[in-house]
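Scroll down for the structure; my scribbles are underneath it.
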Amino acid sequence: MEFQNNKKALLEAALIATISSFFAISVIYIPILTVLLFLVPVPLIILAARQGTRYTVFSLVIASLIIGILTEIVFTLFLIIIFGPVAVVMGYYIRRKQDPFKTIGIGTTVSAFTIFISILTISAIVEVNFLDMLGDTFRNVVEHQSEMFSAMNISIANLYEIINYLIIVLPGLLIVHSMAAAFINYYISVAILRRLRYDKYELPEFGKFKLPSNIVFGAFIIFILTYLTRFIEGIHYEALYENVKVIFLFVFYLQGIAFMRYILGKTRLPEFARIIIILMLIIISPLLTLISLIGLIDSIFDIRKLRER
């Protein structure tokens, strides 16, 4: 019986390795799929939840061999370093039936850490500052397409300002990306596990998502400490402040969206209409600050009364 179970687990690991490999490789030949690259961990998370860490590591090894043979070794290392640890850790916590938002939080931390390690590794290999290289690439694109932008009445000076700002807040944006990716990977993985009817996994209601009760106090302390860094030589206060602002803006934005989802859940609107409204709130970017403010207010006053439960 144990032999049969091991055989089944090995076959599943091999299948997952094949699926993950060909999805990752397809990104090279179908560039539009690049936007879905963050979903690479999903099959591996499912495998880790079903069969455990050992078979997930085995699947990662097989996947790295397949990708390495069909592409370049640097691309393979990049994928394994960024997505491997996230898949193993999140799958492990799902298998242990840990709190969903704890799992997402740990997944965010691991994802952000591996991304920064990858960037530092790339910078060390090519002996060029990654941020400077990225900024130069964007500026070259603007220079080569300046006539097109001028024809569209887009100010070149404004584009340069946007590029400079994005380079400054890139660390914060990477952390935000890690949060969003962890959320999406978790919900998709658990939804598939439920569909497969493997064990009983609860798919948490996003409307009941809440930040830790001390998040507002923690944010206040972090902003104070960030402000104090302006008196320390060698620290770029403006860049640090902008990154902290971006991170907390997104954190409270998540709570704000969860609050709106909770309120819509109390109405008689059909589920389809609720989803459309939430998507519209996400798409309409000018509402970002307002929704973040709603999330901040809910964090302070616990309007949904979730802390009592």
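A few remarks follow.
- Dipole of the chain, positive end: most advanced residue of Ala180, Leu166, Gln51 [Cβ charges, Cα centre]: Gln51
- Residue separation of Thr53 and Phe217 scaled by 0.36 nm, minus their Cα-Cα distance, works out to 55.4 nm of gained length.
- Residues Met148, Met260 arranged by fewest to most Cβ contacts within 10 Å: Met148, Met260
- Were the residues from Ile276 through Met148 laid out at 0.36 nm apart, the gain over their Cα-Cα distance would be 42.6 nm.
- What the phi angles of segment 210-221 give under the Karplus curve with 6.51, -1.76 and 1.60, with θ = phi - 60°, is a coupling list of 9, 7, x, 4, 9, 5, 5, 4, x, 5, 4, 4 Hz, glycine and proline written as x.
- Which listed pairs, of Lys8/Lys210; Lys102/Lys305; Lys245/Lys266, have C-alpha distances above 27 Å, in listed order: Lys8/Lys210; Lys245/Lys266
- Here the residues Val126, Val88, Val142, ranked from fewest to most Cβ neighbours within 10 Å of their Cβ, fall in the order Val126, Val142, Val88.
- Pairwise label distance in nanometres, Ile69 with Leu228, each label 7 Å out on the Cα-Cβ vector: 5.7 nm
- Summary value for the chain: 15 percent relative contact order, contacts being C-alpha pairs under 8 angstrom separated by 6+ residues.
- Distance from segment 228-274 to segment 10-76 (C-alpha centre basis), Å: 32 Å
- Inter-site label distance for Ile263 and Asp302 at 7 Å from Cα along Cβ, in nm: 2.1 nm
- Shown in residue order for segment 9-26 are the 3J(HN,Hα) couplings computed by the Karplus curve 6.51 cos²θ - 1.76 cosθ + 1.60 at θ = phi - 60°: 5, 5, 5, 5, 4, 5, 5, 5, 4, 5, 4, 4, 5, 6, 5, 5, 5, 4 Hz (x for Gly and Pro).
- For segment 77-88, 3J(HN,Hα) per residue [Karplus equation, 6.51 cos²θ - 1.76 cosθ + 1.60, θ = phi - 60°, Hz, x = Gly/Pro]: 4, 4, 5, 5, 5, 6, 9, x, x, 4, 4, 5
- The order of Met179, Met280, going from fewest to most other C-beta atoms within 10 Å of their C-beta, is Met280, Met179.
- With R₀ fixed at 25 Å, the C-beta to C-beta distance from Ile235 to Tyr160 puts the FRET efficiency at about 0.50.
All of the numbers you see were taken from the coordinates with simple rules; none came from a lab. A quick note: this is a predicted structure, and the numbers were derived from the prediction, not measured. With ideal geometry, Cβ positions are generated from the backbone for all residues, glycine too; neighbour counts draw on all protein chains shown.
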